[in-house]
Structure formats: C-alpha cells, structure tokens
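The values are calculated or read from the model by the stated rules, or taken from the named source; none is laboratory data. Keep in mind it's a predicted model, so treat the numbers as computed, not measured. Virtual Cβ from ideal backbone geometry, glycine too; neighbours counted across all protein chains shown. Heavy atoms of the whole protein, side chains included, go into the accessibility calculation; ligands, DNA and RNA do not. Shrake-Rupley method; radii C 1.70, N 1.55, O 1.52, S 1.80 Å.
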Amino acid sequence: MSIDVFAGVPLIDHHVHGVMSSPLDADGVRAILSESSRPAPKGTSHFQKPVGLAVRRDCAPVLDLPTLAPEADYLARRAELGHEEVNRRLLGQAGVAAWLVDTGNKADAVERPEGMERLSGALAREVIRIEVVIEDVARTAADGADLLAQVRARLADAVPTIVGFKSIVAYRVSFKIDQSPISDTAARTAADRWLAAFQNDQTRRLDDPDVIRFGLWTAGELARDHRLPIQLHVGVGDDDVLMHACDPTHFTQFIKAMDAWNVPVTLLHCFPFVREAAWMAEVFQNVYFDVGFTVNFTGPQGRTAIREAMEMSPFYKFLYSSDAFGLPELHYLGAVLFRREFNALMAEWLAGGWASEKDVREIGRMVAFENAARIYPGLQALSP
C-alpha cells in the first residue's frame, strides 16, 4: 500500500540555512557532508556514510546521472554544470513552498533569503539568530550598558521583517544554565566582562551564559508582544558541542516561562533527543519540534527518526525542516527523504488499521504546512 499524504499541500521548511553563494571544489562539497571540523581519515571520504548514499541515490538523477553514480562522477558532473545551475536544479525541484532561513551561520558565505527566493522560486523569510546579533553589536559597543541597549534596539528593529528568533544557547553554553530573568545590574556586569574579553579577541564567540540569558529574555518579551516563535538548537552540532547538556529537558524552566507568555518554542533537529522532544511537545502547550538534519544524515534509516518522533508527538506539534546548510543537495534531500519516509510510515498505519486515509492526509497537512503556518507569521497565504 502506498499513499502521498502531502499531495497538493505546500511544504514549509521551517528551519533552514542558505546555500553557498560561491562555488565549492570537491573538498568543499565533502566538508559540508560532515558535522566534524576535521577531514575524513586518509583514504576515505565523507561520502562514505548514510548522507553520502542519499546524495548519490537521489541527487544524482537531478544532475542527469544514474542513481548511485560513483562519487568521482558525481563531483565531476557537479563541476561541469556549475554552481548556479546545481543550485537552481536542486532547490527548484525540492518542492518547498517556503524557506524560513536562519541567517546567523556563516552569513558572509551563504545566500540570504532573497537569494534563496531567486534560486528556488519559492518564498523565503528570515529567522534572526540572537547570539549573532549580540556579537555584531559588540564590535562597536562602548561598554556593557551600550551593548545591552543596542541589542535591545537591534532585536526590536528586526521584528517587522522576520518570522522568528533563534538561539544556539545549548551549543554555546549548554541548556544547563540559570534560566531565570536576569536583572539589569547582573546583565551589565556580565556584558562588561564579556565585552572586555571580546575586544581583546574579536574572533571570540559569545560564550557568556548571562549575556545569552539577557538576549533570550529580551527576545522572549518581543516574541510575546509580537506573536513570534523562538527556535532552540537541540542536540547535534559541530564537534565542540557538549551533547549530554543539549538535552532539551534541561531547559524546561525557560520553556515553561515562554509557555506562560504563549510564545511558541520550536526544538530543532533534536538528534539524539528525538523522544525527549516529542515528550515535551506532548506536555507543554507551546513546544513544537522537528527532526531536520537527522533524516538527511541517517539516509536509509531516516524513517527511524520519523517513527520515534511520531511515537508520542501530537500531530499538531511536529514540523518539517531540512536544517540544510550550504549544499543544495541537503535542501533537496531534506524534502524528498522526509516525504518518502513519512509517507511510508503513514502507509504502515493505514495497513495496520491504525488510521483512515482521511486521518493520514490530515496529519500530512498539519506536518507539511498547517503547524508552521499557525506559529510563523505571513504564511497562511500559501494555503492551497
């Protein structure tokens, strides 16, 4: 039995990054297929893992190659077609109606929302990263008080043009921090301390939990007042992440505070804490989550992540995301693999008598479009 529960329904990629704005050589392509900062061991390749199989299986035909074309052939064809054509083909054929673009990761190297629109023909809107705003302001701030004032102003000024805020608090300092509102005095003290360190080394990332806490609560107030969601990085990240402290259950104090303010909180990608995120979506009214990144990087096993997400999640809390960065292959695969594996799971439910065809189509509409359109502004116009 097969079914397409997404037929005729817009697909919103609620957490994604831009594609690279300049061409990549073969090693550059391989590097983005890894979460590590290190190359693969000598004699091996980052194509030699599940996401590499997925690229060769599903992206190769889009570039006029046979399914599972060898890595060398794939990279040669990619170079032959050229950067712009590869971007246009893969983004344009992803079947995504809207990209909600986190512009805070390597912003000078990737396309902004307007570039994503140009290349894909789909709507693109910005999600602003709190920590990057603070780092940008720090380059010109006179002192801690000036830093805090400028951050407040920058976040407020962004509200009319964005669809949400994002924080990588888990990535930078973990979820195991003080999550209570921070006083003005404590915020100024922390800002002075961190700014002094930053001014001595402007390559330093924001790693002060109290300054980040100030940013979170400032964004939370704006999100409350303007009905915007806050995205939270969960779990997987580069090789310097403290994974055990990226479990979202550590952050329930802040999430409960946002719940009281009716601020939606979206937990992003979530591996290996998919079941924890699903539980939180069940018990907190404001929590939503996705398995972006996870489906791509688990490739043939992508259905496992979706199955875990759907074990307990309310259907109205699960969102689609690719969490793709840099390579249009990841934007394309995110949509293709998610549709395929989600449809396969729904076919199992149908065959097992757990749901009717009407039920699974309703679930598909929620996950593809309705849940994101409920919490992010300006997307209802996409409704079929």
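Listing for the model above:
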{"read-out": "Point-charge dipole on Cβ atoms (K/R +1, D/E -1) for the range 88-167, about Cα centre, debye to 20", "value": "380"}
{"read-out": "Relative contact order of the chain, defined on C-alpha pairs under 8 angstrom at six or more residues apart (%)", "value": "23"}
{"read-out": "Selection from 11, 281, 353, by position along the positive dipole direction of the chain (Cβ)", "value": "353"}
{"read-out": "Packing-based order for 368-376, 40-48, 58-66, using average beta carbon neighbours within 10 Å, highest first", "value": "368-376, 58-66, 40-48"}
{"read-out": "Relative contact order of the range 290-369, defined on C-alpha pairs under 8 angstrom at six or more residues apart (%)", "value": "34"}
{"read-out": "DSSP-defined antiparallel bridges as percent of all bridges, the chain, nearest 5", "value": "5"}
{"read-out": "Computed helical MRE - 222 nm, the chain, DSSP H runs ≥ 4 contributing -39500 (n - 2.57), nearest 500", "value": "-13500 deg cm²/dmol"}
{"read-out": "Amide H contacts of residue 266 (H built 1.01 Å from N, under 5 Å, at least 5 apart or other chain)", "value": "230, 231, 232, 288"}
{"read-out": "Relative contact order for the range 174-277, counting Cα pairs under 8 Å that sit 6 or more residues apart, in percent", "value": "32"}
{"read-out": "Long pairs among 106/166; 166/317; 106/256; 317/358, criterion Cα-Cα beyond 25 Å", "value": "106/256"}
{"read-out": "Heavy-atom accessible area per residue - the chain, 1.4 Å, Å²", "value": "41"}
{"read-out": "Derived scalar couplings ³J(HN,Hα) [the range 167-184; Karplus, 6.51 cos²θ - 1.76 cosθ + 1.60; whole Hz; x for Gly, Pro]", "value": "10, 10, 3, 4, 5, 7, 9, 6, 7, 8, 10, 4, 10, 6, x, 9, 6, 4"}
{"read-out": "Nonlocal amide H pairs with residue 126, under 5 Å, H built at 1.01 Å", "value": "101, 163"}
